[in-house]
Each structure stands twice: as C-alpha cells, then as structure tokens.
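Here's the structure we're looking at; comments come further down.
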Amino acid sequence: MDTARQVIRWSIPGWILILAITCLEMVTLLAQGHSLQSIATRTSLHELSTAAVALVITAGIPLGFILYQVYYSTYGKVLLFHLVNRDRGAEILGSLPEHVQMKLMIGDVPADLEKMYEEVAFFIMPNPLRRLELRFRNKAGRARYERKVQANWDVVRFWLNYLCIRHDAAPIKQEVTNLADIYHGIGATRTALFAACIVHFVYNIGLTSNSWFLSAQSIFALIAPYLAALWLFRALERTRTHALDSLQSMLQHAFICFFSRKKELDSPTLIAGNEKSAA
C-alpha cells in the first residue's frame, strides 16, 4: 500500500470539512452585514498561533479517515428511501460483446447484470438519483442488489489483475487506480461537505440565540451558505461522474482489446496456420 497516497486520500476530506465549516460561517456573517475585519476580530482568527494552525491542519488527517469510513460504510448499500449507488461492475460487463462476457465468466454461474433501479431526476441535481424498482423494495431485493454490486466489481477487479499478470497491463491498472482515487476522493469530499452543512446548521439554529426568522436578511443569512454549498456539490457530482465514466471506458476498452485478441489467437484457422509454419 502506498502510504503517502493513502495519507493524502484521508486528509483531503478532513481539511475540506474544516474549511467548509469556516467558509459557511463566514458567508453567514457576511450576509448579516459584518465586514471581514469584524469577522476576524469576532472569531479571534488573528490570535491563532502557529501551533494552533498546525494542530488544525494535522487534525484533518484523522477527521478525513473517519469521513472515509462513513463514506465507505454506505457505498454499495441500499440507503434510505431505497436509494442506491451505480452498479459499476454490471455497467462494464454489460457493455462488452457477448463473446468477451463469456470469457469473463468465473465458473458456470453468469454474472447478475439485471438493472434493478430506476432513475429519479431532481432539478437541483446535475445527475439523476437511483432508486430500487418497486418490485425489489423488500429484504430479498435489497440483499440481492448489495450482493450483486460487490460480486460484479470483484469480477472486474479479478480480470484487471489477471491482465496485469499475464499481459503486462500495469499502466492500465495504474490509470484505473488513479481514476478510482479521484472517484472515491470526491465521494468522501461530498460527505465532508454534507457534514459541514449539518454542523453549521446545528450551530446556528440549535446552539446560538439568534432569531433567524425575524427578518428577510436573517433568513437570507441562514440560506446563503447552503446555496454556495449546493453549487459546489453539483460541481463535485459532475467531476465524480466524469471520473467514473473514464474509468469504466478504460476497463471496457481493455477487456475488449485483450480478450478479442485472445479469441483471434485461439481461433482454429490461426492455430492451423501456426502448426503448418512450424512443420
């Protein structure tokens, strides 16, 4: 395991959480009519020592690690309201030619490639949400979907490792790893942004004595940070989708290239020609 790579992956969501909470609160105070100078004075930012800054930066690593665990604990699971993640393995395997799919089968049991979810679009979201179809919204359906997501991705990972061992495809695996890091890193960052919004809301509504609903300015000051957070969330979603599409496209082309070529090498005509040349 690349330790430096893992530290970076874990630290970024933690730093995003700290930065997002700070920025959300600053937007609220600016919307209330405070100046940057008064904000710095009120929050004692100008009094932070070098040691305090270093402590905050260092705290990003364990915070990021915790956020990654939260993110991974929900990945591939059926969430509230029967929302699900994309079945990445099924999308890759289902896009391959039939003869390639047959070569990727492990044993006699075909992969479960049935599409079990429906897409639900919301105007505030850049991409549709995915929700289990009505007939799968039961205990057996949820268990099947979670099982197939893991199983299909395990098949993809197995054959990717096979290509690396038998066909020197290490550059492909490295590129897939980099794209997967981006994909999951953005997913954990999205979790950090959501957590920052929750912390900001609880602090301003539950732990302060401000009367938020007495004026239009107060209402705007409460809502404004979340409008900025929504814009950032949409940007993260687009980038995450692009990373996943690139990852899937690379794996699709790799499997088609290697296993279609393997079909040609195993064809009777080519084998007979090689035997004749050898004779």
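The values are calculated or read from the model by the stated rules, or taken from the named source; none is laboratory data. Please read all numbers here as calculations on a predicted model, not as lab measurements. For the accessible areas, the whole protein counts, side chains as well, though only heavy atoms, and no ligand, DNA or RNA atoms are used. Shrake-Rupley method; radii C 1.70, N 1.55, O 1.52, S 1.80 Å.
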Study note, to complete from the structure: The ³J(HN,Hα) series, computed from each phi in the stretch 84-93 with the Karplus coefficients 6.51, -1.76 and 1.60 at θ = phi - 60°, rounded to the nearest Hz and given as x for glycine or proline, is 9, 8, 5, 8, 4, x, 5, 5, 5, 5
Check your understanding: TYR117's amide H: which non-local residues (gap 5+, or another chain) put their own amide H closer than 5 Å, with H modeled 1.01 Å from N in plane and none for Pro or chain starts?
Key -> GLU133
Review point. Of SER260, SER11, which has the most accessible area with a 1.4 Å probe, and how do the rest follow in descending order?
Key: SER260, SER11
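How big is the equivalent ellipsoid of the stretch 139-193 along its three axes, where each semi-axis is √(5λ) from the Cα gyration tensor, reported in whole Å from largest to smallest?
The three semi-axes for the stretch 139-193 are 26, 21, 4 Å.
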Check your understanding: Per-residue accessible area for LEU96 at 1.4 Å probe radius, Å² rounded to 10?
Key -> 10 Å²
Check your understanding: Under a 1.4 angstrom probe, counting protein chains only, how are ILE172, ILE182 ranked by accessible area, largest first?
Key -> ILE182, ILE172
